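In what follows, a single structure is set out as structure tokens and then discussed.
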Amino acid sequence: MNVFEAVKQSVTTRQAAEHYGIHVGRNGMACCPFHNDKTPSMKLDRRYHCFGCGADGDVIDFAAALYGLGKKDAAVQLAQDFGLSYEDWKPLGKAKKPKPRQKSPEEQFQEAKNRCFR
């Protein structure tokens, strides 16, 4: 099993998004990280689709777009982050773990406001 098959069988886009710091609601909707989104417009499950900007794909496409990586690099990064093993696994000595997406001040304010109202 190669790295692409291992990642696609083991990790959903929703799991990857939550791992990388994107808040996903119970219904699988989240604010799209690929455009300026104020209300959730991206559906996350095995695949993802944004109804606002039209972004669509699988978990590898999601990680590649989120961090500006190639598909191979994104698949290897996902495999490392989720502890998956595959046939041609070669640890990357100097690979950096992608930093979780930083929330904008608007998103931080909205979360604080929601906590206060709760």
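The values are calculated or read from the model by the stated rules, or taken from the named source; none is laboratory data. Values in this document were obtained by computation on a predicted structure and should not be read as measured data. Cβ coordinates were reconstructed from backbone atoms using ideal geometry, including for glycine residues, and neighbour counts include every protein chain displayed.
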Check off (1) in a loop (DSSP other than H, G, I, E, B); (2) free of Cβ contacts under 8 Å to residues at least 12 places away in the same chain for PHE34 and give me the number that stays unchecked. (2)
Is it the case that some residue within region 82-100 is at pLDDT 90 or above and assigned to a loop (DSSP other than H, G, I, E, B)? no
Within region 53-63, count every residue that is surrounded by fewer than 16 Cβ atoms within 10 Å (Cβ to Cβ) and at negative phi. 2
On the given criteria, is HIS49 under 22 Å from SER104 (Cβ atoms) and not in a helix (DSSP H, G or I)? no
